[in-house]
Amino acid sequence: MTQTLNRPTDVDDGLTPERLLRAYRTMKSIRMFEDRVHDEFATGDIPGFVHLYAGEEASAAGICAHLDQDRDTIASTHRGHGHCIAKGVDIKPMMAEIFGKITGSCRGKGGSMHIADLSKGMLGANGIVGGGPPLICGTALAAKIKGDGGVGVAFFGDGASNQGTTAEAMNLASVWNLPAIFVAENNGYAEATAAKWSVSADNIADRAAGYGMPGVIVDGFDFFAVHEVAGEAIRRAREGGGPTLIEVKLTRYYGHFEGDQQTYRPRDEIGNARENLDCLKRFRARVTETDRLTDAQLDQVDAEVAQLIDESVAEAKAAATPGAADLLTDVYVKY
Amino acid sequence: MILDRGDDLPVVPGSAIGVIPNPMSGRDIRRIVSQASVFPNTEKASMVLRILRAAGTLGVERVLLSTDTFGIAAGVQREMTRLCNARSTAHLRWPKVEFLELDLPTGTAADTTAYARIMAGQCSAAVVLLGGDGTMRAAVPGLGDTPMLALSTGTNNAFPIMLEATVAGMALGMIAVGAATAPETRCKMLHVEVRRGSGRVDHEVALVDACVSSTVDIGSRALWTGSSLRELYCTFGEPHGIGLSSIVGRLMPTHRTDNHGCAVLLDDPAHAAHTVLAPLAPGLLQPVGVSQVGELLPDRPRPIRERRGTVAVDGEREIEFGPDDTVTVTLRHDGPRVIDVPAALGASTAQHALLSR
């Protein structure tokens, strides 16, 4: 209790116009990146699978806005593009990686589900459902031992919330009092299985009590709500308060994977979310109505991001694919 | 309502009550910044069952129950079915339970309003709400003249009361069958009116408090830090209260039945002449800077001083305003009719209700 007594206001949380503009750029970059990958995938030029994050931008942007590149780490999921962008991974190598090109983040060998950039504290997208939370226990333990105030953030979905790895990681984080944040991005479906059916708890956040940590639900369509909740959880973790479970309720605008017919979703679900809940629309309305940013500023970001995405696709298509000589390189990490 | 020894009470034709448990209450940011409790939905389902048992025993014919996708209504139905099928409990008398469904559920507070409106329209003698201050506020526009019983599901509430659900069900049941009377008077309520620079007028109500904060974003809605608070208007503030109204409880206790409310001008505790330590959230006593305290008289709109910030109603930031907006707070005696359980049951005890011959 004393840790919060007399501290300065904690709810203005430093959202200066510059930071708001940066947050908008992050969300817009994710949206345009994913919309473009959606289009490009349909042409057949992208190998493998892609799982798109469009609609969920406020979660990655609201949480990663509090993270440093040097001391904080995140672990992502198969739906990882948004987390990568929000953590600062460069967009052009990301796009090249998805196209399987040698200029990609992982030299074209990982693809969408394995984009990683350790220099940015991005441990990787992860094709294993529930693969991220145990990794974060490791980086959070390292941060605790080093005493640098770093935190580890594990993003996972409602499907992964039912995995043993996630349960073990939350238990370990609590037992070791780690600076770890568990972010359950509940978009309502584990592939085609509804969370209402497959998650035994009323809310994923309710499970936090069983691990001895706080559990919070936040509106994933509202950047400001996510940002505030994440700020408090991360501050608490940095100060030695231990782990937190944040359930972000949101929806994805595309299928589980590209090509998913989504027959398991109500017909109007996505249209309603796009029309009435969209995080980018809400953000724009909020910041312009309160005179913190202008439409002209936001439009300029839109144009800059659109150009960046165009360039990233053009450069990715023009780049070479890995050759036979690259087959056995980058297989193991040297320590 | 005098019993013959061992007899069941007769079912009273046409008697009905409504039950609205809020499945989403009790999971906000206060779980991180304070030690606020988590109230599981399984317990809410159990509370509903206890209300049903009490109402059924007292002869209530019909109970209207809101439905949800978080397992409360489903849990009630499952347990009722189990009890009805088990040999040892098959004899229990239940009211006829109607599970209401909305045509277009939103998953927001609007669903609470909609359910309250349906229940009020279907001749419920009273509606019991299970939730926090926000749940109670959401029900108000739908209730009309129908009395409410406000039952707390958590540790962070000022308006609803902590009470065993069985006893709440007794009070509701006795009102529904005519063995106790519902309150005639309305409680106090705050009206927050925002005249926008664009000409639009926004309106919110609060059952307990309206608090002006220098915080500019609605964000995660809750308020828990004393340093951002600038003005506080309360319908009541009890010395044993929790949340923002506890500031009034510490400075100038104001009762639910008083004609007036209370207005407090606040400041950053680092600059204020006086501070008061108040329990703004469970486990979280915060210093709050105080510059002025006084009565808030009914029907007198009070313009707020702050030029930019948010207004929290019943502890949740709902309104953002800026220099072009005019915000007023008005206390009125036009709130819901709220059932006082001790008073209702006390009066029925005096009439020897539930006492056998």
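Observations
- Taking the stretch B:79-213 and dividing mean pair separation by its residue count, relative contact order in percent (alpha carbons under 8 Å, at least six apart): 16
- Within the stretch A:20-57, backbone nitrogen closer than 19 Å to the virtual label 7 Å beyond the Cα of residue A:331 toward Cβ: none
- Here the label points at residue A:18 and residue B:260, each 7 Å from Cα along the C-beta direction, are separated by 4.9 nm in the simple model.
- Taking B:99, B:39 and counting other C-beta atoms within 10 Å, the order from fewest to most: B:99, B:39
- For residues of A:142-155, the mean tally of beta carbons on other chains within 10 Å: 0
- Counting only alpha carbon atoms, the long axis of helix B:72-85 and the longest principal axis of chain B meet at about 20°.
- Rounded to 0.05, the FRET efficiency of the residue A:49 and residue B:145 pair, given R0 = 51 Å and the Cβ-Cβ distance, is 0.30.
- Across chain B, the relative contact order, built from alpha-carbon pairs under 8 Å that are at least six residues apart, equals 19 percent.
- Relative contact order of the stretch B:214-334, defined on C-alpha pairs under 8 angstrom at six or more residues apart (%): 29
- Longest to shortest principal axis, alpha-carbon extents of chain A, angstrom: 58, 51, 40
- Estimated distance in nm for a label pair at residue A:269 and residue B:43, the labels positioned 7 Å out from Cα along Cα-to-Cβ: 3.1
- Annotation: extensible slack from residue B:81 through residue B:326 equals 82.7 nm (criterion: 0.36 nm per residue apart, minus Cα-Cα distance).
- Between the alpha-carbon centres of the stretch B:312-351 and the stretch B:189-205 there is a gap of 17 Å.
- Each helix, a run of at least 4 DSSP H residues, gives -39500 (n - 2.57); summed and divided by the residues of the protein assembly as shown, these come to -10000 deg cm²/dmol at 222 nm.
- Fewest-first ordering of B:262, A:84 by other beta carbons within 10 Å of each residue's beta carbon gives B:262, A:84.
- Pairwise centroid distance, computed over Cα atoms, of the stretch A:165-232 with the stretch A:54-124, Å: 21
- Where labels lie 7 Å past Cα in the beta-carbon direction, separation of residue B:252 and residue B:122 in nm: 4.5
- Residue-by-residue Karplus 3J(HN,Hα) for the stretch A:161-169, coefficients 6.51, -1.76, 1.60, Hz, glycine and proline x: 5, 8, 7, x, 4, 5, 4, 5, 5
- Of B:34, B:246, B:15, the residue with the greatest mean-square motion in the GNM of chain B, using alpha carbon springs below 10 Å, is B:34.
- Helix B:341-350 vs. chain B, principal-axis angle (Cα, 0 to 90°, nearest 10): 40
- Fraction of C-alpha pairs exceeding 32 angstrom in chain B: 34 percent, rounded to a whole number.
- Residue mean of other protein chain beta carbons inside 10 Å, B:31-44: 5
- When the P(r) is computed for the stretch B:231-351, the part past 25 Å accounts for 30% of the Cα-Cα pairs.
- Residues in the stretch B:227-236 carry Karplus couplings, in order, of 5, 8, 7, 10, 9, 9, 10, 10, 6, 8 Hz; the curve used is 6.51 cos²θ - 1.76 cosθ + 1.60 with θ = phi - 60°, and Gly or Pro positions show x.
- Three-way shape call for the stretch A:186-247 based on the alpha-carbon gyration tensor, with the a/c threshold at 1.5: oblate
- Compared with the dominant principal axis of the Cα atoms in chain B, helix B:109-121 is inclined by about 50°.
- Highest GNM mean-square fluctuation among B:114, B:180, B:343, for chain B modelled with Cα contacts below 10 Å: B:343.
- 10 Å Cβ neighbours from other chains, averaged over peptide B:209-216: 2
- If R0 is 45 Å, the Cβ-Cβ spacing of residue B:202 and residue B:349 corresponds to a FRET efficiency of close to 0.50.
- The packing ranking of peptides B:171-179, A:146-154, highest mean first, is B:171-179, A:146-154, where packing means the average number of other beta carbon atoms within 10 angstrom of each residue.
- Per-peptide average of other Cβ atoms within 10 Å, ordering B:117-125, B:230-238 highest first: B:230-238, B:117-125
- For the stretch B:38-112 versus the stretch A:29-51, the gap between their alpha-carbon centres in whole angstrom: 47
- Cβ crowding within 10 Å averaged over residues, with A:203-210, A:314-321, B:138-145 ranked highest first: A:203-210, B:138-145, A:314-321
Throughout, read-outs are computed from the coordinates displayed, never taken from laboratory work. Being a predicted model, the structure only gives us computed values, none of them experimental. Virtual Cβ from ideal backbone geometry, glycine too; neighbours counted across all protein chains shown.
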